[in-house]
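**Q** I am attaching a structure below and will ask some questions about it afterwards.
The values are calculated or read from the model by the stated rules, or taken from the named source; none is laboratory data. Since the model is a prediction, treat every value here as computed from it, not as a measurement. Ideal geometry is used to build each Cβ from the backbone, glycine not excepted, and the neighbour counts take in all protein chains shown.
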Amino acid sequence: MTGSHVEEDICYKSAVELAGSIRRRELSPVEIIAAFVRRIEAINPQVNAFCTLTLETAVEEAKKAEQAVMKGAPLGALHGVPFSVKDLIQTKGVRTMQGSKVFEHFVPDEESPLVGRLKAAGAILMGKTTTPEFGFKGVTDSPLTGITRNPWNLEMTPGGSSGGAAASVAAGMTPLAVGTDGGGSIRMPAAFTGIYGLKPTFGRVPVYPASALDSLSHAGPMTRTVGDAALMLSVMAGPHEADFLSLEGAPADYVGRLHEGVKGLRIAWSPSLGFVPAVEDEVAQITARAVRAFESLGAFVEEVADPGLGDPVSIHVPLWLAGLAGRVGAYLADWEGQMDPLLVSWAKIGMELPAVDFVRAQMLRSGLRDRLRRFFERYDLLLTPTLPLTAFRAGVSAQEALEGSPIDYRNWSPFSAIFNLTHVPAASVPAGFTRAGLPVGLQIAGPRFSDLLVLQASAAFETIHPWTKRRPVIDGRQEPA
């Protein structure tokens, strides 16, 4: 292999493989970080996944990590492995802009607990990944950081709001990325970019500081392999005093029990959840084929056309708009002209929202939680398409991108928010590719606290439906399989 192909091979290794190679002294942290630095420098200008890079610091941290290896010092679970952090999450000494000119020069003096835990495990921060302004929409562009593009087709969006995180993983710029998800913002870009994304049970990963959307937003791993997500979650999960909503108790053994399989599980497959009016033909076909894999794994799969949960839009929208208004409203007087016009319009709608509508949405949310709880008394898991469509054009509104499509641009991601409202874990696994070469995602959701079960189902699917050999073409080069 040529030198560049060797480096690309390093950049497409899993975090588990990289950490093992470092422990066995087959690869050094310096060698690994140098490969990723060169990868980012070559690829990021085309994809725009990173908005702030910390490459010089990463190189220095790699030298320290190598010294620890040579001294035989105790090594953390992610020693020497690179990672990225979505720019909504605070990083001490590294600017956290939230995709907004309001915070363009903000450098926090304290760190989110999940970032501190990853660093304590030996992981090395490569930079912050792009997000739409305040993470408010499902595609990734902002007046501050521009347009982020999908590595599988640079004319397409990677989705959002964790679009930079997803693109960084899909393009081999980091094996690990931290995303956040308030209505699908981990799972949607994971589906659009052909990677694995897990929204854990709400509170499983502590979030600090909290936002106006803290009753909806979860933080979680975005990776190429399920094993990497399990390892990453094992490091990030657990209670923290800074997040009073974080779950008590030690997390499950996500790594050690990952491959226990799904034999005997009762799995429901719902192609439309009973309310989604349209799913693209190829998406419907690819996800339906993917579901059959679970039968071959020994699970009992039943198609459930309507689980009886109802359409969550009337619940999610008031909560989302009110949250945006609370987060953004104070900045409008001084910053409106420099903010995303769509964000401004949504925030203004939220500011006019009657309090009774917000309370009514919370009451309806309680009913939804109860219906889903009862559903999971009959089934262990619920499968759906992650999205009803594949990636569409980057840099334009959903209304423009979906003109002429049967998919309603006002609710083009209908499968995801229901699991934020109910706080249950849900993941997107790569299910296949369309004839145009765009990825399709399958969503796997489970009862509250069943993060391990969702990971186990994802891992079982991965064993018979692997996806990591296929890599995107970037700059006219086919990445070696």
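**Q** Could you please find all residues in the stretch 131-163 being over 10 Å from Pro189 (Cβ atoms) and not in a loop (DSSP other than H, G, I, E, B)?
**A** Glu133, Phe134, Gly135, Asp141, Ser142, Gly146, Ile147, Asn153, Met156
**Q** A further question on this structure: Among Lys63, Lys13, Lys71, Lys101, which is the only one that is closer than 30 Å to Arg327 by Cβ and out of contact with any Cys (no Cβ under 9 Å at 6 or more places or on another chain)?
**A** Details: Lys63 fails: closer than 30 Å to Arg327 by Cβ; Lys13 fails: closer than 30 Å to Arg327 by Cβ; Lys71 fails: closer than 30 Å to Arg327 by Cβ.
Answer to the selection: Lys101.
**Q** Mind checking which residues of the stretch 212-248 are within 20 Å of Ala177 (Cα to Cα) and touching a Lys or Arg at 6+ places or on another chain (Cβ under 7 Å)?
**A** His218, Gly220, Val235, Met236, Ala237
**Q** Sticking with this structure for a sec: Please note which strands (runs of 3 or more DSSP E) are completely contained in the stretch 198-314 and include at least 2 residues that are within 19 Å of the chain's Cα centre (by Cα) and aliphatic (A, V, I, L, M). It would help to see each step written out before you state the result.
**A** Details: elements: 218-223, 266-269, 300-303.
Correct list: 218-223.
**Q** Of all the helices (runs of 4 or more DSSP H) wholly in the stretch 382-481, which have at least 1 residues that are within 19 Å of the chain's Cα centre (by Cα) and of a type in the set (Ser, Thr, Tyr)? Step through it out loud before you land on a result.
**A** Values: elements: 398-401, 417-421, 451-464.
Here the list reads 451-464.
To keep it simple, each residue is scored yes or no on (1) surrounded by fewer than 15 Cβ atoms within 10 Å (Cβ to Cβ); (2) in contact with a helix residue (DSSP H, G or I) (Cβ under 9 Å, 6 or more places away or on another chain).
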{"residue": "Leu245", "(1), (2)": "yes, no"}
{"residue": "Leu265", "(1), (2)": "no, yes"}
{"residue": "Ser270", "(1), (2)": "no, no"}
{"residue": "Ala284", "(1), (2)": "no, no"}
{"residue": "Thr287", "(1), (2)": "no, no"}
{"residue": "Val291", "(1), (2)": "no, no"}
{"residue": "Ala299", "(1), (2)": "no, yes"}
{"residue": "Val304", "(1), (2)": "no, yes"}
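**Q** I would also like to ask the following. Is it fair to say Gly194 is at positive phi, in contact (Cβ under 8 Å) with a residue 24 or more places away in the chain and not aliphatic (A, V, I, L, M)?
**A** Values: at positive phi: yes; in contact (Cβ under 8 Å) with a residue 24 or more places away in the chain: yes; not aliphatic (A, V, I, L, M): yes.
Spelling it out, Gly194 is indeed at positive phi, in contact (Cβ under 8 Å) with a residue 24 or more places away in the chain and not aliphatic (A, V, I, L, M).
**Q** In addition: Scanning for something at pLDDT 95 or above, under 18 Å from Thr174 (Cα atoms), polar (S, T, N, Q) and not in a helix (DSSP H, G or I), does the stretch 111-125 turn up at least one residue?
**A** no
**Q** If you don't mind, another one. Taking only pairs six or more apart or across chains, which ones have beta-carbon atoms under 9 Å, a first residue in the stretch 138-152 that is crowded, with 24+ Cβ neighbours inside 10 Å, and a second residue that is in a loop (DSSP other than H, G, I, E, B) and of a type in the set (Lys, Arg)?
**A** Thr140/Arg149; Pro151/Arg471
**Q** Go through the stretch 1-45 and give me each residue that's surrounded by fewer than 17 Cβ atoms within 10 Å (Cβ to Cβ) and either modelled with pLDDT under 95 or under 21 Å from the mean Cα position of the chain (by Cα) (or both).
**A** Met1, Thr2, Gly3, Ser4, His5, Val6, Asp9
**Q** Which count do you get for residues in the stretch 50-60 that are touching a residue at least 40 places away in the same chain (Cβ under 8 Å), in contact with a helix residue (DSSP H, G or I) (Cβ under 8 Å, 6 or more places away or on another chain) and either among the aliphatic types (A, V, I, L, M) or surrounded by fewer than 20 Cβ atoms within 10 Å (Cβ to Cβ) (or both)? Step through it out loud before you land on a result.
**A** The initial filter retains those residues of the stretch 50-60 that are touching a residue at least 40 places away in the same chain (Cβ under 8 Å), namely 50-55, 57-58.
Now restrict to residues that are in contact with a helix residue (DSSP H, G or I) (Cβ under 8 Å, 6 or more places away or on another chain): 50-51, 53, 55, 58.
Subsequent filtering for residues that are either among the aliphatic types (A, V, I, L, M) or surrounded by fewer than 20 Cβ atoms within 10 Å (Cβ to Cβ) (or both) retains 53, 55, 58.
Residues that pass the stated criteria total 3.
**Q** Another question, then. Out of Arg374, Arg410, Arg435, report the one residue that is at pLDDT 95 or above, more than 17 Å from Arg289 (Cα to Cα) and out of contact with any Gly (no Cβ under 8 Å at 6 or more places or on another chain).
**A** On the way: Arg410 fails: at pLDDT 95 or above; Arg435 fails: more than 17 Å from Arg289 (Cα to Cα).
None of the others qualify; the one that does is Arg374.
**Q** If you don't mind, another one. Those residues that are of a type in the set (D, E, K, R) and in contact with a helix residue (DSSP H, G or I) (Cβ under 8 Å, 6 or more places away or on another chain), I need them from the stretch 339-359; list them, please.
**A** Initial filter on the stretch 339-359 (of a type in the set (D, E, K, R)): 340, 348, 352, 357.
Asp340, Lys348, Asp357 - these are the residues of the stretch 339-359 that are of a type in the set (D, E, K, R) and in contact with a helix residue (DSSP H, G or I) (Cβ under 8 Å, 6 or more places away or on another chain).
**Q** Please go through the stretch 164-187 and give me each residue that is assigned to a loop (DSSP other than H, G, I, E, B) and touching a residue at least 60 places away in the same chain (Cβ under 8 Å), ordered by number. Before the answer, list the steps.
**A** At the first step, the residues of the stretch 164-187 found to be assigned to a loop (DSSP other than H, G, I, E, B) are 171-175, 182-186.
The answer is Ala171, Gly172, Met173, Thr174, Pro175, Gly182, Gly183, Gly184, Ile186.
**Q** Follow-up. What number of residues within the stretch 310-354 satisfy the criterion of being surrounded by fewer than 17 Cβ atoms within 10 Å (Cβ to Cβ), touching a residue at least 40 places away in the same chain (Cβ under 8 Å) and among the hydrophobic types (A, V, I, L, M, F, W, C)?
**A** Total satisfying the criteria: 3.
**Q** What about Ala290, is it out of contact with any Lys or Arg (no Cβ under 8 Å at 6 or more places or on another chain), farther than 27 Å from Leu233 by Cα and modelled with pLDDT of 95 or more? If you could, list the steps in order and put the result at the bottom.
**A** Values: out of contact with any Lys or Arg (no Cβ under 8 Å at 6 or more places or on another chain): yes; farther than 27 Å from Leu233 by Cα: no; modelled with pLDDT of 95 or more: yes.
No; evaluated as a whole, the condition is false for this residue.
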